[in-house]
Every structure is written in C-alpha cells, then in structure tokens.
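Here, each number is a calculation from the coordinates, and none is a lab measurement. For clarity, every value in this text was computed on a predicted model and none was experimentally measured. Positions of Cβ are generated from backbone atoms using ideal geometry, with glycine treated the same way; all protein chains shown enter the neighbour counts.
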Amino acid sequence: MAKNIFFERSTLEYELPDFAHLEESHYLEAFYEGTKKQLQEVEAIIASGEPTFENTIVALEKSGQILTRALLVFYNKSSSDTSDSLDAIEEEIAPKLSAHQDAITLNPALFDRIKALHSKKEALALSTEDAWLLDKYYRDFLFAGAHLTQSQRDELTKINERLSFLETQFSKNLLTDTNESALILDSRDELKGLSEGEIQAAADAASARGLEGKYLLGMVNFSGNPLLESLEVRATRERIMKASLLRGNRDNEFDTKKIIVEMSKLRATRAKLFGKKSHADYVIAEQTAGSVENVHTMLRKIAPAAVRNARSEGSEIQAMIKDSGEDFEIASWDWDFYTEKVRKAKHDIDSSALRPYFELERVLRDGVFFAANKLFGISFKERSDLVTYHDEARAFEVFNEDGSKLGLFIGDFYTRDSKRGGAWMNNLVDQNFLLGQLPVVVNNLNIPKPATGEPTLLTYDEIVTLFHEFGHALHGLLSSVTYPKVSGTSVQRDFVEFPSQVNEMWILWPEVVSNYAIHHQTGEKLPQELIDRLKGASTFNEGHATTSYLAAAILDLAWHSLEDGQSVDDVVAFEAAAIKDYGLDYHAVPTRYRSTYFSHIFGGGYSAGYYGYIWSEVLDAESVDWFKENGGLTRSNGDHFRAQLLSRGGSIDSMTMFKNFRGREASITPLLKRRGLE
C-alpha cells in the first residue's frame, strides 16, 4: 500500500492534497487512525494540569489534523464525484464520525475545563479573537449537549448516529433517483426549440449511458429544468416537470419519504432533550435571527406580496397563451416557456439570444476574476500542472496585489452523473495562522457540458450562480484569522450566504459586464440597450422566484417545528398544508424544493436554516446600497469590505461585523424594493 497521504501535512504548494498518490483505501485508514489519535490528544488535554487557554483551547484547535485532512478531501470528492465504493465508505464512517464528535463534545471532563476557563474569561486578559474563540467553544459544547446528564448524553449519541446514517442514505438515494429520473426521448422532434448544441449534448448524454440514437435530458437540483424555457413541445415540458417533482417520491427503493419522516422525528426528540420545543427552536436560537418567531415575522412580511405578484405574472402568461392561439390553463411546465415570450414582449429580451455573449471562460476570467481584481487587487494564474481530484477540476493560483501568495482556487463547473445537484463551495485547506496554512477552496457548479468542440454558453441564471459561488470562495480566500475553527465561511448559518449574495451585484456593473459579455463568434460586445433592458427587467418574474423560494423555506420550518411525539403520515399532504397555511399555494408555481429532494435540509447542513438565503439578502441589499453610495467597484470599497468583514471569518459576532461594515443596523426596505415587493 502506498503511504497514506493524510498521515502527514502535504508538502505540495499550498498543502494541496497529493491527489496523484491518493488511493481509496487511504480514506478509511486515515479515518480510523485520525479518530484514534484525536481521542488520545483530548485525553492529553484533560491530563495537562490546571486549564489554560493554551493547553485547552489552542490544543483543541491543533488536534485531529489527520482526520480533518481526510474528511475535507473525502466529502468534497463524495459530493462532486462519487461512486459505489465511496458511498459504501460514507455509510460506514457517517455514524462513527458522529459518535467520535460526541465523544469529544460530550466529554464531561473536557467540558469542565472549558467551563472553568469561560467562568474566569475576564481575568485571562485574552485578545478579542481569543476571547471570542473561548466563547465559541463554550457555546458549541452547550449546543452539542455537554451539560446534559449521562443518560441524556447516551440517548443523544444514539440519535446523532442514526441521523448521520439517514442523512447519508438520503443523499445516496436522491442522487441515484435523480439519475434514474432522466428523461429518455426517441426523437429530436420532441426537442424542438433547443439549439443544435443542446440537442447534440442530449444525444451525447444518452450515448454515454449506452442509449445510441436516443436523447437524454437529466434532472437538476431544483424543481423544473433550465431547458423548459426553450422547449416548444408541451408534452416534453410536462414530462420533465413531472419527473422533476417526483424525485424521491416514486415509491421505489430510492424513495426518501420514510427517511425524512424519521429524521424529523429524531430531530424533534433531540430538541426536547435540550429543553426546546422543536428542532427549529433549538437551531435558530444560535443564529443571527435569534428565534423562530423572528423568522416568521420577516417571512410573513414578504409572502403576501410575493404570491400576489406571482399571480399577476401568471395572468400575463395566461394572456400570452391565449394570444398564441392556444387554449389551456397555465401549468408549472408552461411558466418558463411563456415567461420568455412575456419578457420579450415587455422588455424586448430574448434569453436564448443572450447566451452567445456569455461564454464560460470569458465570464470566469473577464467577469468573475476581473471584478475581484478591481475590488481587492487580487490576481489569478491557472496552474494546469497541479493535480486535482478530477480531470475537470481546474486549479488557479491567487495572489495579493503585492505578489504574495493568497491561496488556491479550484473550479469544477460541469455536471456529471457522479456529482450531486446544485452548486456549492468546499474547503480543502482552511486558512489559519496557528498552523501557517493558506486556503484551498473549491467551487462546484452543475453547468451542462456542451457537445465536443462546442463553447460553453451560459444562461443568465448560470452567471448569477457563478458569481454567487465565487462570493463564497472569496470569503474563504480572503480569510485572515488565527484559528481554523473560525476560518472563512465558519459563521452563523443565516449569515453565510450574505457575502456570496453581495458578489452578485457586479454581474451587470458597467465596467464588468462590458469586459466579459462579448459574442463568442463575432467579438461584438453585448449592446448597451440590452444591458439596460436586463437592468430594467430586474424585478421581472420576481413574484415566481420569491414565492417558489418562500414555499421551500416554509417547508423547512414546518418539518422542523414538529414537536416530540408528532409524526407525519402523509408527506405530500403535509407539504400542501404547510404551503397553503402561508398563502403560497398557487398551482402554477411549485415549491423550489419538495421535501423528497430537499437536500439542503435532509442531506446537508441547512435544517431549519433555509430561510437564511433571504435573511442574508436583507444584509446583502443594504450592502449593495452602501457600495453604490460610495462609488461602487473601487479598491477603497473593497479594502473596507475585506478588512471589516471578509477577512474576519467567524472570529467576531456576525452582526457586529455587518454593523462595522455598514455603519448601522440593517433594514428590510432595500430588499423589498429590489424584489419589487414594496
């Protein structure tokens, strides 16, 4: 067996994991060795005499490095390029990892040391960052259950292990069912409206599965599919939407309904152990929102206007259907197709005609990277010599303005059957001064791969995703903190989307869009009149977008507001009742995620937290106003944003960071204006 790459710190540049010598067996070997060694390190901390910040908190920060290195690589790989063998490893380690984490956070002797330090925090004369880290450890151990009785801790450990297994099973089932839900078409006539490149890509996708002569349209993470806006054959659109909405709910071996019902019950039981009414109460108490009531107060301000606007948009679409000589009631699979016609009529914008101006490579280098350079002075150099975890994952070296090394960015842009849906950011190495590490961050997207030799032309929504995810990457790359625990995006969950949403503002910023929106064949810049129309249509279809999003956020809260002893017998009926209770039940606008494929809350870290996107957008809208008031894309603005917020990671309170940046508390008014919901 080759030497395990996780047993020692990588000697490669930026401590990039040595993927060239990584063997699958290394994961389990490093997991078991890493957990054993970290428990030994914890015992050494407990035995280290009178507790001090150095021998307890700093020692904890230094512990578990083998395990950390292995898990960062494994979970990035299992989400972006999984396999049956990786799924088996994840099933094996998930409950064991939960038990290992509980063995540390529920260790009473270790908690006694942290509690003793916390009780005399003022006398320790700690720096601001050190004091915050001590607070964070104390709160995190309380949140994990360190203060519970022994019998309660034993019950908690069992619940956590089971939840960890179920979360893994949910993700595995969903990925398999998503792949199996792909639409197989026999004739290109059924694809009328798609471009030649899109049709060829569908043929290539079918061929890759051994279906020569057929066409395959894969499902995406959310309800619906980007192709719905172009497909002229209504029957094809209907098949896509219905297949999308049924994922995880087909009563087959990959059905997720029983999994999510059990998870919701276990989460409610765990909340009761903590003296909380529900999982939502337990989770949100630790977020910037503070309470479930505060979240509902904000969402109920938005919901009525959102669905009112959506119904108004639906009426316009219905009129367009009639004007087209058709006679049917609008359905969810018609929305995108006819919305494009309404957009063309109202704003003279043809989305398909825009795509030739949005070529991936130019958007990335001359848009995303260009804006970051103008704002923060950072520059990028592709390093094709560096071996990453997949052939399609590209490495870029990132430099500060003075030429010093800042970190490494890895972009993995294309969809594949082995990649879970959606888009996200991972860290392979967390920036911190304690261990002298620079950040290595990854952006994963799911852009359909074009036919061989064809350019990758993006939709406008895909550009938004690219800028958004790079906002997360910037949060990781610009981190400048002492400790790994508070590095980069390690902030409260309902704050983490804020910096990424701010980065979306540069998409149509004059200096940026004129630099990247260039026709890939003619070299012509996107005409200013089209840019003006895009800006003028900024609130177009926002009723649909907001209603769809809010329905998903409400579903999350409904599942996680269940109390111990409550259960759901009919998942579909439960969903419908929750959405109707909020007044968001509009047949033409389905929830962005139905429960059975809501991976954010059942297969990821967003349970009782999906509201965080719009909660963060309140801060984002305020910040966009601040940038505009202060001159926009300037180095001084970038330096202020970097110094007061992006570089701080989670080393101080999230809302304190925002106030330090903005100069005052946030108001919901800019958000309502942005979404046309005043």
Measure of size requested: the Rg and Dmax of region 17-175, with Cα atoms as the atom set and Å as the unit; please supply both. 17.6, 54
Qualifying lysines (Cα of each under 16 Å from Cα of residue 485; at least 8 residues distant if same chain): 62, 136
Per residue, how big is the convex hull of region 81-147 when only Cα atoms are used? Give it in Å³. 100
Give the share of C-alpha pairs in each 10 angstrom bin for region 388-440, from 0 to the last occupied bin, in whole percents, shortest bins first. 20, 45, 26, 9, 0
Compute the FRET efficiency between residue 672 and residue 312 as 1/(1 + (r/R0)^6), taking r as their Cβ-Cβ distance and R0 = 22 Å, and round to the nearest 0.05. 0.85
Taking Cα atoms, the helix 571-581 axis meets the longest principal axis of the chain at an angle in degrees (rounded to 10) of 80
With each label point set 7 Å from Cα along the Cα-Cβ vector, what nm distance links residue 662 and residue 52? 4.2
Over the chain, relative contact order from alpha-carbon pairs under 8 Å, at least 6 apart, %: 16
Taking a crude spin-label model, label points 7 Å out from Cα along the C-beta direction, the residue 404 to residue 297 distance in nm is 4.4
Let me know the charge dipole size of the chain about its Cα centre in debye, to the nearest 20, where only the beta-carbon of Lys, Arg (+1) and Asp, Glu (-1) is charged. 1340
Whole-percent tail of the Cα-Cα distance distribution for the chain, cut at 46 Å, equals 16
Summarise the long-distance tail of P(r) for region 181-245 by giving the % of C-alpha pairs beyond 14 Å. 51
Reachable lysines from residue 419, criterion Cα separation under 19 angstrom, eight or more residues apart if same chain: 77, 172, 449
Need one number: convex hull volume per residue for region 355-536, Cα atoms only, in Å³. 135
Cα-based helix-to-principal-axis angle, 108-119 vs the chain, degrees rounded to 10: 90
Given 192/258; 120/272; 96/272, which pairs have Cα atoms separated by over 27 Å? 192/258; 120/272
Using the count of nearby Cβ atoms within 10 Å as a rough guide to exposure, how do 461, 569, 556 rank from fewest to most? 569, 461, 556
Given an 8 Å cut-off on Cα distances and at least 6 residues of separation, report the relative contact order of region 181-245 as a percent. 41
Take the Cβ-Cβ distance between residue 112 and residue 643 as r, set R0 to 35 Å, and report the resulting FRET efficiency rounded to the nearest 0.05. 0.40
Going Cα to Cα from residue 535, which lysines come in below 16 Å? Please leave out same-chain ones fewer than 8 positions away. 344, 346, 628, 673
Using only Cα atoms, tell me the angle between helix 612-629 and the longest principal axis of the chain; keep it within 0 to 90° and round to the nearest 10. 80
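Could you list 505, 298 so that the one with the fewest beta carbons within 10 Å of its beta carbon is first and the one with the most is last?
Fewest-to-most Cβ neighbours within 10 Å comes out as 298, 505.
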What are the semi-axes of the equivalent ellipsoid for region 419-487, taken as the square roots of 5 times the Cα gyration tensor eigenvalues, largest first, in whole Å? 31, 12, 10
Looking at region 218-262, I'd like the Rg to Rh ratio, where Rg is from alpha-carbon atoms and Rh is Kirkwood's inverse mean 1/r. 1.08
The ratio Rg/Rh over the Cα atoms of region 38-116, Rh being the Kirkwood inverse mean 1/r radius, stands at 1.09
Rounded if a/c is under 1.5, else prolate if a/b is larger than b/c, else oblate: which is region 251-311, with a ≥ b ≥ c the root eigenvalues of its Cα gyration tensor? oblate
Share, in percent, of DSSP beta bridges within region 355-536 that are antiparallel, nearest 5: 75
Given the convex hull over the Cα atoms of region 135-257, what projected area results after averaging over all orientations, in nm²? 11.5
Residue order, fewest to most beta carbons within 10 Å, for 478, 117: 117, 478
Which FRET efficiency, nearest 0.05, do residue 452 and residue 628 yield, Cβ-Cβ r, R0 56 Å? 0.85
